[in-house]
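Here is the structure we will look at, set down as structure tokens.
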Amino acid sequence: MTSLQSNVLEIHTPQGREEAWRFTPLKRLAGMHDGSAVASLLNSLKPVQALPSGVSFDTVEADAFSPTDDAITQRIRAFSKTVQRLTISKDTEIAQPIHFSRSMRDLDSVEFARIQIVVEPHAKATVIFENSGDLRIGEDLEIQVGAGAHLTFISLQEWGASSIHAARHNAVVERDATFNSIIVTVGGSLVRLLPTVEFAGPGSSAELLGVYFATAGQFFEHRIFVDHLVPQAKSRVNYKGALAGQDAHTVWIGDVFIRAAAEGTDTYELNRNLLLSDGARADSVPNLEIETGEIVGAGHASTTGRFDDEQLFYLMSRGINSADARRLVVRGFFTEIVSQIKDQVIEDRIMARIDDELAKAGAING
Amino acid sequence: MSTLEIRGLKVSVTTENGDVEILKGVDLTIKSGETHAIMGPNGSGKSTLAYSIAGHPKYTITGGTVTLDGADVLEMSVDERAKAGLFLAMQYPVEVPGVSVSNFLRTAATALRGEAPKLREWVGEVKGAMEALKMDPSFASRNVNEGFSGGEKKRHEIMQLELLKPKIAILDETDSGLDVDALRVVSEGVNRAKENSNVGVLLITHYTRILKYIKPDFVHVFANGKIVEEGGPELADKLEAQGYEEYVNA
């Protein structure tokens with residue numbers, strides 16, 4: 001067994017020493033991990049508009065597509081047979097993004113949500129989940145991208161200050177299919193997301209992008225796992241984060257596993273963090289495990305730095321004041337990824353939120 | 001009419017071996033419309049002079065004064081110096097990822113003019129400046145200095161000189177890394193700025209070739225952290241013929 005595989009497929013309670021939990025403050029999970037949470041079925045996820053033809057969103061009873069070793073996901077599955085399932089029919093191409101939102105405020109209960117997104121062969125769609133309001137939610141999201149299909153999945157965590165969000169986003173990507181995801185985490189008390197990809201057929205590809213910005217007291221963890229099980233699959237991971245304020249804490253784990261069968265794999269992962277004040281902590285752990293040498297490429301990079309004095313000097317030497325220069329640099333840092341959302345309203349909203357967080361954290365007055 | 005006055009300027013930097021004095025008392029006066037060339041060997045402190053006037057945090061002023069029309073430049077923050085009318089075209093302009101040239105220029109113009117320029121006029125201004133410097137229109141949407149060639153970086157600096165209209169401009173080795181065509185285009189930009197806004201220019205260079213395009217009124221030879229000889233354009237001809245050896249070993 002390698003470090004990237006686990007056989008703990010029955011319900012268990014993490015103690016905090018396990019590799020998968022060593023950074024997470026378990027006490028702040030509202031009991032989702034140990035069974036003490038009183039779970040409810042809120043079905044908080046709602047479509048924003050009427051769904052186009054070829055797209056359905058149903059509540060069904062269904063088993064999980066594949067087992068998991070994640071303790072919270074196991075408890076969610078034990079709790080509920082009910083799944084909210086979004087299906088995009090075979091050969092359907094949906095030009096406009098399909099928007100879903102959670103916007104309610106309920107901090108009394110803990111929602112356990114099971115969601116499945118099924119993109120049937122040769123279908124193409126963009127699905128956006130917009131999470132705002134204040135919830136305590138454990139989310140088991142399973143995504144199937146069928147042969148030759150194309151899914152862009154965007155999950156926005158613009159939560160209020162008290163939210164707790166633990167989610168596993170597992171995508172199974174079939175032959176010649178493309179899965180792109182963009183994760184934006186700018187709100188919540190604790191957010192722990194597990195974007196995972198299993199390549200199930202050759203010729204498949206995945207691009208996982210993310211941005212996060214944590215301010216005082218916030219804990220945001222993004223724990224990525226890309227499993228190259230088959231030959232000729234390509235993966236790209238690029239997450240960028242900023243932190244400001246006392247006890248702002250982010251964790252980025254990038255696990256990539258190239259199995260013996262996965263010849264012709266092409267993978268690269270990158271994580272960059274910008275520490276904008278003292279008292280904040282960014283953990284960044286890329287981890288590549290390779291069982292075959294017959295690959296196109298495999299690499300990773302991780303950097304954590306502060307404001308670049310030369311950039312600030314250059315901008316200020318053109319008359320731009322210190323606060324505006326810092327704002328420009330931070331916006332610029334995130335633009336590469338935020339601009340990939342391709343929705344001006346959302347992009348502007350995220351950037352405005354980042355400006356707000358920056359101002360609130362006092363990180364622009366250096 | 002503006003005057004930048006540098007008197008007895010002493011500057012040091014902190015290194016692993018302690019503080020090292022780079023500028024050892026520089027006196028220089030630059031007025032609107034004048035072009036001063038500062039020439040000197042590598043390591044003589046020319047760039048330190050440029051960055052110290054602009055306010056780079058790496059340099060510590062240990063003595064002397066710098067005033068612009070009587071106002072104490074050394075008391076100003078970096079952006080205040082730009083607002084007062086100083087401009088530094090850098091030898092190595094800095095990449096700012098994710099910030100487009102058009103956003104950067106507009107933000108700078110807004111800061112310097114005190115209000116956002118009217119969009120339609122501004123677009124015309126930028127377009128004109130880019131055309132004059134033979135820059136592709138796609139340039140405006142690229143990120144500041146990111147992936148720019150040496151020539152593109154210098155054109156971008158001079159474009160800012162033309163758009164931001166400073167009172168006094170310091171051009172730090174603007175000629176370095178330019179081929180003959182780019183050197184001509186960039187020099188024409190400087191000459192346009194001189195003509196249009198009567199900017200005073202402090203041209204820092206190692207070589208005399210840029211002086212064939214931008215005619216200096218005064219030439220100052222810089223060595224070991226201070227000005228060691230001054231004269232008119234003929235001094236540049238002497239340097240061309242004899243090099244810096246006489247000053248370095250002095």
Query - Area accessible to solvent at residue A:278, 1.4 Å probe radius, in Å² - result: 120 Å²
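Mind checking Rg over Rh on region B:1-123, alpha carbons, Kirkwood formula for Rh? Show your work: numbers first, answer last.
On the way: Rg = 16.5 Å, Rh = 16.3 Å.
Rg/Rh for region B:1-123 comes to 1.01.
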Query raised in the report: Which of these, B:174, B:35, B:60, has the largest mean-square fluctuation under a Gaussian network model of chain B (Cα springs below 10 Å)?
Result: B:60
Query raised in the report: Using alpha-carbon positions, what is the distance between the centroids of region B:201-250 and region B:107-160, in Å?
Result: 31 Å
**Report entry** Sequence-distant aspartates and glutamates (8 or more away, or on other chains) whose Cα lies within less than 18 Å of residue B:165
**Finding:** B:34, B:69, B:79, B:80, B:115, B:121, B:125, B:131, B:157, B:188, B:195
Report task. Let me have the 222 nm mean residue ellipticity of chain B computed from DSSP H runs of 4+ only, each contributing -39500 (n - 2.57), with the sum over all residues rounded to the nearest 500. Result -> -11000 deg cm²/dmol
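Which of the three applies to region A:294-356, rounded, prolate or oblate, going by the alpha-carbon gyration tensor with a ≥ b ≥ c and a/c under 1.5 meaning rounded?
It is oblate, given that a/c is not under 1.5 and a/b is not larger than b/c.
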Requested in this report: Report the net charge of residues surrounding residue A:345, where surrounding means a beta-carbon distance below 15 angstrom and charges are Lys +1, Arg +1, Asp -1, Glu -1.
Outcome: -2
Query raised in the report: In debye to the nearest 20, how big a dipole does the protein assembly as shown give about its Cα centre with +1 on each Lys and Arg Cβ and -1 on each Asp and Glu Cβ?
Result: 1080 debye
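When the chain is fully extended, how far beyond the present Cα-Cα distance does residue A:43 get from residue A:309, taking 0.36 nm per residue of separation? Please report the intermediate quantities before stating the final value.
On the way: separation 266, 0.36 × 266 = 95.76 nm, distance 4.78 nm.
Length gained, residue A:43 through residue A:309: 91.0 nm.
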Query raised in the report: Which of A:73, A:16, A:300 sits closest to the plus end of the dipole of region A:3-307, meaning its Cα is farthest towards the positive end, when Lys and Arg get +1 and Asp and Glu get -1 on the C-beta?
Result: A:16
Requested in this report: Choose one of A:197, A:60, A:89: the residue whose Cα lies farthest towards the positive end of the charge dipole of chain A (beta-carbon charges +1 Lys, Arg; -1 Asp, Glu; about the Cα centre).
Outcome: A:60
Report summary line: Per residue, accessible area of region A:150-298 with a 1.4 Å probe, heavy atoms of protein chains only, in Å², comes to 26 Å²
Report task. Could you tell me the distance between the Cα centroids of region A:261-299 and region A:16-55, to the nearest Å? Result -> 26 Å
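Computing the accessible area with a 1.4 Å probe over protein heavy atoms, can you report the carbon and sulfur percentage for region A:48-158? Spell out each step's value before the answer.
Numbers: 1880 of 4060 Å².
So the carbon and sulfur contribution to the accessible surface is 46 percent.
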**Report entry** Computed [θ] at 222 nm, deg cm²/dmol, chain A (DSSP H ≥ 4; -39,500 (n - 2.57); rounded to nearest 500)
**Finding:** -4500 deg cm²/dmol
Query raised in the report: Say a paramagnetic label sat at a point 7 Å from the Cα of residue A:22, along Cα to Cβ; which residues of region A:245-268 have their backbone N under 20 Å from it?
Result: A:249-258
Query raised in the report: With contacts defined as alpha carbon pairs under 8 Å and 6 or more residues apart, what's the relative contact order of chain A in percent?
Result: 10 percent
**Report entry** Largest to smallest principal axis extent of the C-alpha atoms in the protein assembly as shown, angstrom
**Finding:** 90, 51, 46
**Report entry** Apportionment of accessible area to carbon and sulfur, chain B, percent (1.4 Å)
**Finding:** 49 percent
Query raised in the report: So what's the angle, to the nearest 10 degrees on a 0 to 90 scale, between helix B:101-113 and the longest Cα principal axis of chain B?
Result: 70 degrees
Query raised in the report: Based on the Cβ-Cβ distance from residue A:12 to residue B:141, what FRET efficiency comes out when R0 is 56 Å, to the nearest 0.05?
Result: 0.60
Query raised in the report: Is the shape of region A:3-307 best called rounded, prolate or oblate, per the rule: a/c under 1.5 gives rounded, else a/b larger than b/c gives prolate, else oblate, with a ≥ b ≥ c the square roots of the Cα gyration tensor eigenvalues?
Result: rounded
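Rank A:120, B:173 by accessible area, highest first, at a 1.4 Å probe radius?
Details: A:120 65, B:173 20 Å².
Correct descending sequence by accessible area is A:120, B:173.
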Query - Heavy-atom accessible area, 1.4 Å probe, ligands and nucleic acids excluded: residues of region A:284-321 down by at least 10 Å² from chain alone - result: A:309, A:310, A:311, A:313, A:314, A:315, A:316, A:317, A:318, A:319, A:320, A:321
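Just to be sure I follow the rule: in region A:3-307, considering lysines 8 or more places apart or on different chains, how many pairs have Cα atoms under 21 Å apart? Don't skip to the answer; put the middle values down first.
Details: A:46/A:81; A:46/A:124; A:90/A:124; A:124/A:234.
For region A:3-307, the number of qualifying lysine pairs is 4.
Am I reading the B/A interface right? What is its buried accessible area, both sides, 1.4 Å probe, to the nearest 100 Å²?
Values: alone 11830 and 14520 Å², together 24430 Å².
So the total buried area for this chain pair works out to about 1900 Å².
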Requested in this report: Set the Förster radius R0 to 60 Å, insert the Cβ-Cβ distance between residue B:131 and residue B:62 as r into 1/(1 + (r/R0)^6), and round the FRET efficiency to 0.05.
Outcome: 0.85
Query raised in the report: Treating the beta-carbon of each Lys and Arg as +1 and of each Asp and Glu as -1, no other charges, what is the dipole magnitude of region A:3-307 about its Cα centre, to the nearest 20 debye?
Result: 680 debye
Query raised in the report: Say each of residue B:181 and residue A:236 gets a label point 7 Å from the Cα, pointing the same way as Cα to Cβ; how far apart are those two points in nm?
Result: 3.2 nm
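Classify region A:20-147: rounded, prolate or oblate, from the alpha-carbon gyration tensor (a ≥ b ≥ c, eigenvalue square roots; a/c under 1.5 rounded; otherwise prolate if a/b is larger than b/c)? Please report the intermediate quantities before stating the final value.
Numbers: a/c = 2.19, a/b = 1.65, b/c = 1.33.
Verdict is prolate for region A:20-147.
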**Report entry** Set of aspartates and glutamates with alpha-carbon distance to residue B:226 below 12 Å, sequence-local pairs under 8 removed
**Finding:** B:21, B:27
Requested in this report: For chain B, count all C-alpha to C-alpha pairs, find those more than 30 Å apart, and express that count as a whole percent of the total.
Outcome: 25 percent
**Report entry** Proximal charge balance of residue A:215 [Cβ under 14 Å; K/R count +1, D/E count -1]
**Finding:** -3
Query raised in the report: Separation of region A:158-194 and region B:1-78 by C-alpha centroid, Å?
Result: 52 Å
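Sorting A:263, A:130 by accessible area (1.4 Å probe), largest first, what list results? Before the final figure, lay out each step's value.
Values: A:263 90, A:130 30 Å².
Accessible-area ranking of A:263, A:130, largest first: A:263, A:130.
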Report task. Take the Cα of residue A:93, step 7 Å along the line toward its Cβ, and report every residue of region A:136-152 whose backbone nitrogen sits under 20 Å from that point. Result -> A:145-152
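Multiply the residue gap between residue A:58 and residue A:355 by 0.36 nm, knock off their C-alpha separation, and tell me the result in nm, one decimal place. Please report the intermediate quantities before stating the final value.
On the way: separation 297, 0.36 × 297 = 106.92 nm, distance 3.79 nm.
Additional length available on full extension: 103.1 nm.
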Report task. Enumerate the lysines that residue B:238 could reach by cross-link, defined here as Cα to Cα under 18 Å, with residues fewer than 8 away along the same chain left out. Result -> B:212, B:215
**Report entry** Cα-based Rg / Dmax (Å) for region B:133-207
**Finding:** 12.1, 33
Query - Within a Gaussian network of chain B (alpha carbon springs, distance under 10 Å), most fluctuating of B:171, B:105, B:119 - result: B:119
Report task. Of the listed pairs B:31/B:83; B:83/B:167; B:83/B:153; B:134/B:154, which have alpha-carbon separations greater than 20 Å here? Result -> B:83/B:153
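The values are calculated or read from the model by the stated rules, or taken from the named source; none is laboratory data. These numbers were taken from a predicted model, which means no experiment stands behind them. Positions of Cβ are backbone-derived with ideal geometry, glycine not excepted, and every protein chain shown enters the neighbour counts. Heads up: the accessible areas ignore ligands, DNA and RNA and are worked out on the full protein's heavy atoms, side chains in. Shrake-Rupley method; radii C 1.70, N 1.55, O 1.52, S 1.80 Å.
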